[in-house]
Amino acid sequence: MDVDARLRELGLELPSPMGPGGNYLPAMPAGDLLFLSGMGPVRPDGTLVTGKVGDGGLDLETAREAARLTGLQLLAALRAELGDLGRVRQVVKLFGMVNCRPGFNRTPAVIDGCSDLLVDVLGDAGRGARSAWPSCRSTSPWRSRPSSASPREPVPRRETPGDDVLLETMTSDEVQAALADGRCDVIVPCGAVEQHGPHLPLDVDAVHADRLAVELAQRLGTALVAPTIRVGVSPHHMGFAGTISLRPETFEAVYTDYCQSLAAHGFRSILCFSAHGGNFAPLAEMAERLDAAVGPDCRVVVYSDLLGLVDLWRSAVADAGGDPEGVGGHADVAESSVYAVLRPGQVRTERLVRGYTGPVDDALLQRMFTGGIRAISDTGVMGDAHGLSTAIGELCLKRVADSLAAHFTQRLEAVRTEP
């Protein structure tokens, strides 16, 4: 790849490399690897972008631009060391820290400013592993509490993007601090452990729910994420080995206990959605009972538009250059592409099969839920996974997360204005 030509095509000019700010080297080769020291956001006029992102500070787009400017510095350091950016075979790890105000929870979106630049310039070689850490001292859930044994500020303990919203990775004090900061919404996602054809593992829906919940929380900005209810209502998949299914009454009992526990701690809105089609009808049917179970000071809001989700997948597949006819709603080109993003290398691409590829409507879903998926597809696949790609998967994730955020934002505004 001619990276210099790509830079010209993008209208980019790399700055002069930053010199070291102390007793260290800007770059250090180690075998086939090259480690770069930390860089900062330097404008073309040589000034630094300063300030904190978040409430009353820098906005998200300004912070993303700062991350992009830092990416240009990284590329400049690479070229200074290697002579030719075309020698970069793969970015292995990007570590980003965001100077932010308490309560800011979109650090991954900020660091995307750098990641997007690296991919634009280097192609797939620019996409590697990544950490996105906030750097804020406050009483927010991200605060690192000093140890009485050491005067040094501890290093923040979380590394995985999205960990700042995961209830199960927080301490009780951190949850209480989040509630005090006004983060009184909580997301309760659910999935399934069931067959997904010969090419996908059983955990597809649970893993998908995990990711969508974090994406949703980052879009809302006011929500934490409860642990995913990983097993769902899947009797229509019991004809395939490994599937685990809950009875609808068991599923409702688990959801009720979740919601009552969360309401007791002071959460005021509980947002429920599923990444498994078989949970949509049970969720819709029990929505009013869940809302009644949490008492008058809390509201339960449910997303239950299964056909709408399939339509989102179909449009995303088409817009990403795939064949929308391959979308059938289960282990198809959309869901297989999503899993390829969430679990790279885990799709058994040599085992892709075609399943049912006819129209998907309420009548077909009723036939599947009552007679089992084998009545429609002996492969266990609804649709066709051939043509899967990470581009399709990333767009499907974005479209569904955007739709969930719009739905819950609208519903929350409605319930909060009720008399």
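The numbers here are math on the coordinates, done by the rules we state, and not lab data. The structure displayed is predicted, hence computed values, not measured ones. Neighbour counts run over all protein chains shown; Cβ positions are idealised from the backbone, glycine included.
Numbers for the structure displayed
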{"read-out": "Measure of compaction for region 287-385 (Cα Rg per 2.2 N^0.38 Å)", "value": "1.32"}
{"read-out": "Estimated 222 nm signal from helices in the chain, with DSSP H stretches of n ≥ 4 weighted -39500 (n - 2.57), rounded to 500", "value": "-13000 deg cm²/dmol"}
{"read-out": "Amide H partners (placed H, <5 Å) of Leu246, local residues excluded", "value": "Gly232, Val233, Ser234"}
{"read-out": "Unit charges on C-beta of K, R, D, E only; dipole of region 3-135, Debye", "value": "300"}
{"read-out": "Percent of alpha-carbon pairs separated by more than 20 Å within region 221-337", "value": "51"}
{"read-out": "Gap separating the Cα centres of region 179-202 and region 367-387, nearest whole Å", "value": "22"}
{"read-out": "The chain: angle of helix 306-319 to the longest principal axis, Cα-based, in degrees nearest 10", "value": "40"}
{"read-out": "Evaluated over region 201-272, the Cα radius of gyration and Dmax, each in Å", "value": "14.1, 42"}
{"read-out": "Over 25 Å [Cα-Cα, region 184-419], rounded percent", "value": "38"}
{"read-out": "With Cα atoms, 0 to 90° folded angle of helix 204-220 axis to the chain main axis", "value": "60"}
{"read-out": "Percent RCO, i.e. relative contact order, over the chain, from Cα pairs under 8 Å lying at least 6 residues apart", "value": "12"}
{"read-out": "Whole-Å semi-axes of the ellipsoid equivalent to region 3-135 (Cα gyration tensor, √5λ, descending)", "value": "24, 16, 15"}
{"read-out": "Amide H partners (placed H, <5 Å) of Met97, local residues excluded", "value": "Trp133"}
{"read-out": "Local net charge near Leu283, Cβ-Cβ under 13 Å (Lys/Arg +1, Asp/Glu -1)", "value": "-4"}
{"read-out": "Folded to 0 to 90 degrees: helix 390-416 orientation relative to the chain principal axis, Cα", "value": "70"}
{"read-out": "Cα Rg, Dmax, the chain, angstrom units", "value": "23.5, 70"}
{"read-out": "Using θ = phi - 60° and Karplus 6.51 cos²θ - 1.76 cosθ + 1.60, couplings along region 250-256 (whole Hz; Gly, Pro as x)", "value": "5, 4, 5, 4, 5, 4, 4"}
{"read-out": "Karplus-derived HN-Hα couplings along region 291-297 (A = 6.51, B = -1.76, C = 1.60, θ = phi - 60°), whole Hz, x at Gly and Pro", "value": "4, 5, 6, 8, x, x, 8"}
{"read-out": "Amide proton proximity set for Arg130, modelled H, under 5 Å, gap of 5+", "value": "Leu94"}
{"read-out": "Largest-first principal axis extents of the Cα set of region 334-413 (Å)", "value": "44, 34, 17"}
{"read-out": "Packing-based ranking, highest mean first, of 317-324, 220-227 given that Cβ atoms within 10 Å are counted", "value": "220-227, 317-324"}
{"read-out": "For region 237-297, convex hull volume per residue from C-alpha positions, Å³", "value": "89"}
{"read-out": "Pairwise FRET efficiency - Leu82 versus Asp120, Cβ, R0 = 25 Å, nearest 0.05", "value": "0.85"}
